[in-house]
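Below: one structure, written as structure tokens.
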Amino acid sequence: MTRASTGLLHPDRLLPSEPVVRGIARELYNGVRDLPIISPHGHTDPAWFATDTPFANPTDLLITPDHYVFRMLFSQGVRLEQLGIEPTGQPLDRATSPEAVWQLFGDHYHLFRGTPTRMWLDHVFGELFGLETPLTSDTAALYFDVINQRLATPGFRPRALFDAFNIELLATTEAPLDSLEHHATIQASDWDGRVVTTFRPDPVVDPEFEGFADNVVALGELTGEDTATWSGYLAALRQRRAFFREHGATATDHGHPTARTADLSEQDSSNLFAAVRSGSFTQEQAELFRAQMLTEMAAMSIDDGMVMQLHPGSFRNHNQPLFERFGRDRGADIPVATEYVSALQPLLNRFGGEPDFTLILFTLDETTYSRELAPLAGHYPCLRLGPAWWFHDSPEGMRRFREQTTETAGFYNTVGFNDDTRAFLSIPARHDVARRIDCGFLARLVAEHRLREDEAMEIAHALTVDLAKSAYRL
Amino acid sequence: MTRASTGLLHPDRLLPSEPVVRGIARELYNGVRDLPIISPHGHTDPAWFATDTPFANPTDLLITPDHYVFRMLFSQGVRLEQLGIEPTGQPLDRATSPEAVWQLFGDHYHLFRGTPTRMWLDHVFGELFGLETPLTSDTAALYFDVINQRLATPGFRPRALFDAFNIELLATTEAPLDSLEHHATIQASDWDGRVVTTFRPDPVVDPEFEGFADNVVALGELTGEDTATWSGYLAALRQRRAFFREHGATATDHGHPTARTADLSEQDSSNLFAAVRSGSFTQEQAELFRAQMLTEMAAMSIDDGMVMQLHPGSFRNHNQPLFERFGRDRGADIPVATEYVSALQPLLNRFGGEPDFTLILFTLDETTYSRELAPLAGHYPCLRLGPAWWFHDSPEGMRRFREQTTETAGFYNTVGFNDDTRAFLSIPARHDVARRIDCGFLARLVAEHRLREDEAMEIAHALTVDLAKSAYRL
Amino acid sequence: MTRASTGLLHPDRLLPSEPVVRGIARELYNGVRDLPIISPHGHTDPAWFATDTPFANPTDLLITPDHYVFRMLFSQGVRLEQLGIEPTGQPLDRATSPEAVWQLFGDHYHLFRGTPTRMWLDHVFGELFGLETPLTSDTAALYFDVINQRLATPGFRPRALFDAFNIELLATTEAPLDSLEHHATIQASDWDGRVVTTFRPDPVVDPEFEGFADNVVALGELTGEDTATWSGYLAALRQRRAFFREHGATATDHGHPTARTADLSEQDSSNLFAAVRSGSFTQEQAELFRAQMLTEMAAMSIDDGMVMQLHPGSFRNHNQPLFERFGRDRGADIPVATEYVSALQPLLNRFGGEPDFTLILFTLDETTYSRELAPLAGHYPCLRLGPAWWFHDSPEGMRRFREQTTETAGFYNTVGFNDDTRAFLSIPARHDVARRIDCGFLARLVAEHRLREDEAMEIAHALTVDLAKSAYRL
């Protein structure tokens, strides 16, 4: 894939503007720009790579599924129906055409100025589709046509793009009840792209997840274990973990409201499980059960070697009328203050000394970078810091992450970049942003004589490839 | 008003120092420097513009009423009495002369180094009074004389300054019991300066406000409504809002301790009103009543089109002995941590989808910029972010605001600058600081190729004029 | 001490990279570089200066006692036993040789890239020991030998280093039960180095401190007061404070979990003291007792003139298995969110107006800089802000401190730099980092025309020497 500058993308974009620093940053960036992409944490659809079906059209690919895009449009008065998003169980009377939605998007593209979404999209438009004039009301129709035509060509099918993107490994995320059939198809195919799954047990370990009780029953049916008992439930989870391991999983992922962990006795755990399974439980019991399940998952990780990831602190589906009309993941998840120090102590006191245990922590609460996360990761051998996440997966967010964690945790207690995305086409853009920002940060340290240039180059490489591979055991 | 550099003010002040970025910033700034001032949120005294009386002397104008000034002097051991501030109900035995207070101020002027107060005052001294040598102990007497003489000239009377400052609109803030006579006088005058009021109901909606119960009685007398009943009380508020609308108000302003909102039933609201009106209520009842009143105010805003502003998070009158001696607003208000996500949900779930509703949020807790406020404003159509406020209305504070909100909320979910000041002379200085800092931020984005220069110019204009006009419906 | 650049240290290190700003910063730094070191808050061992015994070897001097060093090694899987740190009461079977520990340290030195520890150590290696090649696995043995040889020479004995470091005053920290014999020895010696003690009463005022009840008994024995009574206990504390004053103390230091203060009646205090002395008390009672003791200490400070220092917000000994095996101070203290506004109100309402009272506040929670600490210090005459502390005693941490406190509190409500260290050799490095970062911050203000250069020079001097002397009454 050529990387020549286009009208949309300047080759020095995101590098610090001061000439000396920029010069150093450019050199560091040139050293990592073409390294393969390691994507150990994301949410793309494995069906794409199993079936290799062409993508439908620009709107269905780039707008409808991307909550970064439609949350901004929604915030300025565009209704989701106008974007072709259908209320649950109520297909829109007159389907909005993809072309019309794209035009509406072009009309509002100025809203994204200063946001990472704008940078990712311009990268896709410029690098992938060769577009050179900015997207506006006037150029929207042209954009739609150009992208639409390209999507129909062989070079733009999922596997071809995966290869062109130079992706060495891509992890997707599935729930324990998933059959992993697409991963099996990929494994059995003659395509050598490496797509692995990740074990995300929220639907069967969070009593407040929609359908939890039914999910636990289904888990029993799937595994042949008696999930009406605590021991059977744990055995079923162990079995599914093994199944995920067979489909390439090296990690689990836990999306809890808080970072709370617990270390209850067998009896207390069993009683608590009975309560939450019955459907009659308090919020505190739900919270305590999730807390205990993190510790149980840690115990299983120590047995089977899977790396744990914890993503707390999102208030999901904050807009209740919207949730009732459109369901989850509609851009209405809002971060809340998150506490880690007391919350993680039960788990850490039990497993913090295990030599082969790894727990990767993420946050949406940047105040914890310097106050809690870097001090914790700078002490506990099992802890590593995930990169700036979600709302903070952005130039300023990444810069703050490095500025606020490095002095206490160093670089080597971090795990490289995660793209964390559903938007497959944006993956190279996102990794490119991370490489540029990290190189800019390193260049400043070099220019301020806090680091030698050879060290900075080594670190840039580590942040791009090595740390992800070692942390995720790839 | 000439803007030539003086000994106190460098023409490039506050622009980033790196030459390339400064060059871009200067160009952006030149494009907005002379645009009119829109001041939709402030606390100047409408009597000034109604009577157009000359200001008394430098001390009464610039020191005695400005809590930014005397809080710093007080923090270094200057007593308020030394500044001529009189204890409540106890006139000072021997009045401190304005000249002596000014000299004391000059003796301590170095304390303000690095603060925005210093920049605002130097702007006033240099641009308005043509002073060129720094204020020190030695020059204090000269300063007093020069300023004093100018204040006696016609060009320094309130209306002349208003016109010279190129103010297109100035909003003041009044309580519901205010007669708005000064606004009526201004409206009836042949002066065409546009001064409007803002509806600030704290004294009649906050049960913990001094004199709340009496205020509610007075509200009934003023409106002829039976404010002993919940429905009469709401009707009285509606009537006063209409009265404020007639005097130009397009916005309401709410200064609550927290951002908590509630959505109680009619019956529960009525019972709660009875409790708080009786004077016998708990802190929790007071908090819940304020919470419900925000939702009631939102309902009225949807009816009458007034924009709502919410300023939570100040611990008022922290220094109790000082409060007892001197009363409120003596520089002893201290910010506290503030939560928005759960707090606003009741109101947002009820009115978040109303197409014509606008709620502008402010904060004194910068941790909420990236964690709560930008994600909320980047989703809810009714929400907009007010600018960096009060202690954060400063170069570094404004820079943090942009760095921490733009990537998630964009520029177009913000509302431009508010000066929020009682210090009339500082208004041009404050707007000038905001324009410089915003242009500096935009220039960095341009220099880092994250934004094109034509886009930056468009945004600079929007931040200076357009967004304030549209958000405040001017 | 020569300060020529070596292979490890660039003369412009830590100064901003933009040439104009760097030029200004360099000039400011040159003006303060050689000023004497005032170290009013630290934790070195007074025995060093009393006995003037040579330091044993590089490992015992630079690694084993420094929790900054071993926490990072531990976080990457190095066990404390490998560093020669012995479990409590269990001497290691086969002592690890200092050479072997040093080699292990050299093997892992890359972990410190980007951390202040790396800068401090390189400063020591380069400036003090004349080493010019970086520390790596390959050079570790050479390093050990060079340092070891130098330590045996007269110029590297504690008093000679103290003099060579140009330390004007060094404060250590002792508990009330300490005999202060080393300070007496130093005072009686013919060496004119000024080493003073600091009164740190945690072991006798914190009911949750190990051995509290016994400590209170010992306090009685030491003073002849009846510490079984509240009044006797207070009298004993007063007596020890006087004793510390005689050994040079001008300050007290309080390391509480929170900033909570209380203002109980005599009777309630007495009852609470009886409860905590009995050993049978709740966590809330312990917290309330600490809170009351801060107010009691403030009362005594007003009597005897000692400056109070409060360091809240560290969750001590977070890793319980490690604490049980190795005891306290093993790098497992983790910061937590800290609240000051409500917490300090009882003390401030009682003593906030006392003209001769000084309370210096520190924090591990950077969110409080702009939200709570700067507004408090910018109002209360008794309050001053301590420098960026512990995990934040770092280039980025110091920069954030200035950026987030100056605009509200100014420079003159801060107290200069504290090194806060046990690592004697790192003292010049730490003060040098602070001088460079402060000069860099000032240089940016000058380059942005927010401060004149003569003012910046005056402030640089104040931050280096004057403010520490006045705040600590030296």
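Name the one entry in A:Ala188, A:Ala164, A:Ala184, A:Ala152 that is in contact (Cβ under 8 Å) with a residue 24 or more places away in the chain, small (Gly, Ala, Ser) and more than 29 Å from A:Pro11 (Cα to Cα). The unique qualifying residue is A:Ala184.
With the structure loaded, tell me whether B:Leu83 is touching a helix residue (DSSP H, G or I) at 6+ places or on another chain (Cβ under 8 Å), at pLDDT 95 or above and of a type in the set (A, V, I, L, M, F, W, C) or whether it fails that test. No, not satisfied. Among the residues in the stretch C:223-242, are any under 21 Å from C:Leu288 (Cα atoms), under 17 Å from the mean Cα position of the chain (by Cα) and assigned by TED's automatic domain parsing to the domain that holds C:Thr282? Among the residues of the stretch C:223-242, not one is under 21 Å from C:Leu288 (Cα atoms), under 17 Å from the mean Cα position of the chain (by Cα) and assigned by TED's automatic domain parsing to the domain that holds C:Thr282, which makes the answer no.
Residue-wise test of (1) within 30 Å of A:Thr414 (Cβ to Cβ); (2) surrounded by fewer than 22 Cβ atoms within 10 Å (Cβ to Cβ); (3) not assigned by TED's automatic domain parsing to the domain that holds C:Ala184.
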position	(1), (2), (3)
C:Asp66	yes, yes, yes
C:Ser75	yes, no, yes
C:Pro91	no, yes, yes
C:Ser97	no, yes, yes
C:Phe105	yes, no, yes
C:His110	yes, yes, yes
C:Gly114	yes, no, yes
C:His123	yes, yes, yes
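In the stretch C:419-448, of all residues being more than 10 Å from every other protein chain (Cβ to nearest Cβ) and acidic (Asp, Glu), the one that is surrounded by the fewest Cβ atoms within 10 Å (Cβ to Cβ) corresponds to C:Asp420. The residues of the stretch C:318-343 that are under 18 Å from C:Asp202 (Cβ atoms) and away from chain A (no Cβ under 11 Å), listed by number, are C:Gly327, C:Arg328, C:Asp329, C:Ala343.
Contact annotation: residue pairs with Cβ atoms under 6 Å, 6 or more positions apart or on different chains, pairing a residue in the stretch A:305-329 that is assigned by TED's automatic domain parsing to the domain that holds A:Leu373 with a partner that is part of a strand (DSSP E or B) and of a type in the set (Ser, Thr, Tyr), are A:Met306/A:Thr252; A:Met308/A:Thr252.
Mind listing just one residue for me: the one in the stretch B:380-393 that is within 9 Å of chain A (Cβ to nearest Cβ) and in contact with a Leu (Cβ under 9 Å, 6 or more places away or on another chain) and, of those, surrounded by the fewest Cβ atoms within 10 Å (Cβ to Cβ)? Ranking the candidates gives B:Leu383 first. I'd like the full set of residues that are in contact (Cβ under 8 Å) with a residue 60 or more places away in the chain and buried (at least 20 other Cβ atoms within 10 Å of the Cβ), limited to the stretch B:213-233. Once the filter is applied, which keeps residues that are in contact (Cβ under 8 Å) with a residue 60 or more places away in the chain and buried (at least 20 other Cβ atoms within 10 Å of the Cβ), the stretch B:213-233 yields only B:Val216. If the condition is being in contact with a Gly (Cβ under 9 Å, 6 or more places away or on another chain) and either at pLDDT 95 or above or closer than 16 Å to C:Phe156 by Cα (or both), then the stretch C:42-68 contributes C:Phe49, C:Thr59, C:Asp60. Of all residue pairs spaced 6 or more apart or on separate chains, those with beta-carbon atoms under 7 Å, a first member in the stretch C:351-366 that is closer than 16 Å to C:Gln309 by Cβ and within 14 Å of chain A (Cβ to nearest Cβ) and a second member that is buried (at least 24 other Cβ atoms within 10 Å of the Cβ) and of a type in the set (A, V, I, L, M, F, W, C) are C:Phe362/C:Leu310; C:Thr363/C:Leu373.
A single member of A:Glu396, A:Glu453 is under 26 Å from C:Ser75 (Cα atoms), of a type in the set (D, E, K, R), in contact with a helix residue (DSSP H, G or I) (Cβ under 8 Å, 6 or more places away or on another chain) and not assigned by TED's automatic domain parsing to the domain that holds A:Val69, and it is A:Glu453. Sort out which residues of the stretch A:155-189 are assigned to a helix (DSSP H, G or I) and either among the polar types (S, T, N, Q) or within 30 Å of A:Glu225 (Cα to Cα) (or both), and write them in order of number. If the condition is that a residue be assigned to a helix (DSSP H, G or I) and either among the polar types (S, T, N, Q) or within 30 Å of A:Glu225 (Cα to Cα) (or both), then A:Glu181, A:His182, A:His183, A:Ala184, A:Thr185, A:Ile186, A:Gln187, A:Ala188 are the ones that fit.
Here is the figure for the stretch C:8-34: residues that are under 27 Å from the mean Cα position of the chain (by Cα), in a loop (DSSP other than H, G, I, E, B) and without any contact (Cβ under 8 Å) to a residue 12 or more places away in the chain total 2. Scanning the stretch C:277-331 for residues that are under 23 Å from C:Thr368 (Cβ atoms), under 17 Å from the mean Cα position of the chain (by Cα) and in a loop (DSSP other than H, G, I, E, B) yields C:His311, C:Pro312, C:Gly313, C:Arg316. Could you please let me know if B:Gly416 is more than 8 Å from chain A (Cβ to nearest Cβ), assigned to a loop (DSSP other than H, G, I, E, B) and among the small types (Gly, Ala, Ser)? It is true that B:Gly416 is more than 8 Å from chain A (Cβ to nearest Cβ), assigned to a loop (DSSP other than H, G, I, E, B) and among the small types (Gly, Ala, Ser).
The values are calculated or read from the model by the stated rules, or taken from the named source; none is laboratory data. Values in this document were obtained by computation on a predicted structure and should not be read as measured data. Cβ atoms come from the backbone with ideal geometry, glycine included; neighbour counts cover every protein chain shown.
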